[in-house]
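Each reported figure results from applying straightforward, stated rules to the coordinates on display, with no laboratory input. Model, not experiment: these values are computed from the prediction. When we count neighbours, we look across all protein chains shown, and the Cβ atoms used for this are built from the backbone with ideal geometry, even at glycine.
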Amino acid sequence: MGNEKITLIGAGLAGPLMATYLAQHGYSVAIYESRPDMRKVDLSAGRSINLALSIRGINALKEVGVFGRIEPITIPMKGRMIHDLDGNIYLQPYGQKEDEVIYSVSRAQLNMDLITHAQETGKVDIHFEHTLDSADLQTNELEFGNKKVFFDKVIGCDGSSSALRQAIIEKSNANYEKKPLGHGYKELTIPPSASGDFQIETHALHIWPRSEYMLIALPNMDRSFTCTLFFPMTGHTSFATVQKEDEIIRLFQNQFPDAYDLMPTLVKDFQTNPTGHLGTVYCDPWHYEDKAILLGDAAHAVVPFFGQGMNASFQDCSVLNKLIVKYGGDWKDVFNGFTKSHVMNGHAIADMAIENYIEMRDLVNDPIYKKRRELELLLEAKFSERFIPRYSMVSFHQIPYAEVYRRGEIQFKLMNRYLSNKLTDTQLHEHIKQQLTPIR
């Protein structure tokens, strides 16, 4: 391994991580990134300011030896802090164990650290301000404006609007669909208090669920919170109708009164920060012959409601790395193996992320949801190797997403049958033993 030079498109989160894996195998890597070097220029506008890091992402960061640099800039979050419309606040823990937490991390600092870590290998060159316009997979030629670059192997980490994906689709007749959610998002801020402290509970992901929309808040190292309003793009109450100062204030005073009191720059932030669009990308295959392959959002952009976009992208890098080791750098087998084994997982987390949006905005206060949540925690305690809540399987285990989805469906149906008095305790326990194999 290590004789070929690998070309990689995109120096976002997955790009420099994958480049580091490759460099550690001895490959020389050239990354082409459309943006300027974010270590020298502020590029935060329009992008999510902080992200949720969990086991799949942490594992990949540990594999390349960078987690020790990242861990000090993370804040553990032990559960969802639910803010009711009437002002009541209560915590829904993510899991039952002390270490079952997820971590808030700065997107920008994480990205900068990954870029630096990749360059420190001495095998990675990054060409900033190079936007891929087109890729010719017949002649192995990439076009960046007036510049043409030839490649041996190219890896696309160029996001949900990937130019390399477009070339793969055109060449391979891939199955491709991009589904807009119909909802967008806007970043807002809860600043530190006058004394410089957090204004709300630090170690939680705060949620204001309001049926058709919701507000969330994640803690930052500077003791502020980044708030994200997930809101319909059109309709009676939407980004299309809430734009003026009085409309913004009315929305927040009526729907998020306790948050409103903590947001002195709300109107300015709402009117000046960009509105992001949300959608899901489904694509199959993720590669073309032994020449090109897609990772992360380029392969499977997901909506952010399971906190898995970054984690899934990092796991892509880990999975691809294991295949490189397994097949000794035989790229045809590596790329075929990646699509064959992993596309189903990308589709599964995409579907689960959409389902989790409904749960977060609609169901967290629903009595039936609460009963089912209590039941699944009891069943997890009793059958710890067989029955694991779906959220825990995703966030605290590395079970493949497709297997998580399959097991989650079985568990959901069994719980619903029990809660509707169609199964006794004994029957429920027997079904669990019969239908759910142990997870080691």
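Quick notes on this structure:
- 3J(HN,Hα) along segment 131-136: 9, 6, 8, 7, 9, 9 Hz, from the Karplus curve 6.51 cos²θ - 1.76 cosθ + 1.60 with θ = phi - 60°, whole Hz, x for Gly and Pro.
- Stretch gain in nm, segment SER195-GLU120, where the contour uses 0.36 nm per residue and the Cα spacing is subtracted: 23.1 nm
- Positive-end extreme of charge dipole, the chain - chosen from PRO191, CYS227, PHE67 (charges on Cβ): PHE67
- The Cα-based radius of gyration and maximum Cα-Cα distance (Dmax) for segment 119-218 are 21.6, 61 Å.
- Beta bridge orientation in the chain: antiparallel %, DSSP, nearest 5: 70
- FRET E, pair GLU212, LYS371, Förster distance 22 Å, beta-carbon r, rounded to 0.05: 0.40
- Charge dipole magnitude, Cβ of K and R +1, D and E -1 - segment 181-277, Cα centre, debye nearest 20: 200
- Taking 7 Å steps out from each Cα toward its Cβ at LEU85 and ASP351 produces label points 3.3 nm apart.
- For the chain, calculated [θ]222 nm from helices alone, where every DSSP H run of n ≥ 4 adds -39500 (n - 2.57): -12000 deg cm²/dmol
- The Cα center of segment 69-89 and the Cα center of segment 116-174 differ in position by 38 Å.
- Positive-end residue of THR202, LEU320, SER161, charge dipole of the chain with Cβ unit charges: LEU320
- Under 12 Å from the ALA381 label point (7 Å along Cα→beta-carbon), backbone N, segment 408-429: none
- Full extension of the chain between PHE67 and MET221 yields a length gain of 53.7 nm, computed as 0.36 nm times the residue separation minus the alpha carbon distance.
- Anchor LYS244: lysines whose Cα lies under 20 Å away (excluding residues fewer than 8 positions away in-chain): LYS186, LYS268
- A simple charge model with +1 on the Cβ of Lys and Arg, -1 on the Cβ of Asp and Glu and nothing else charged puts the dipole of the chain at about 860 debye relative to its Cα centre.
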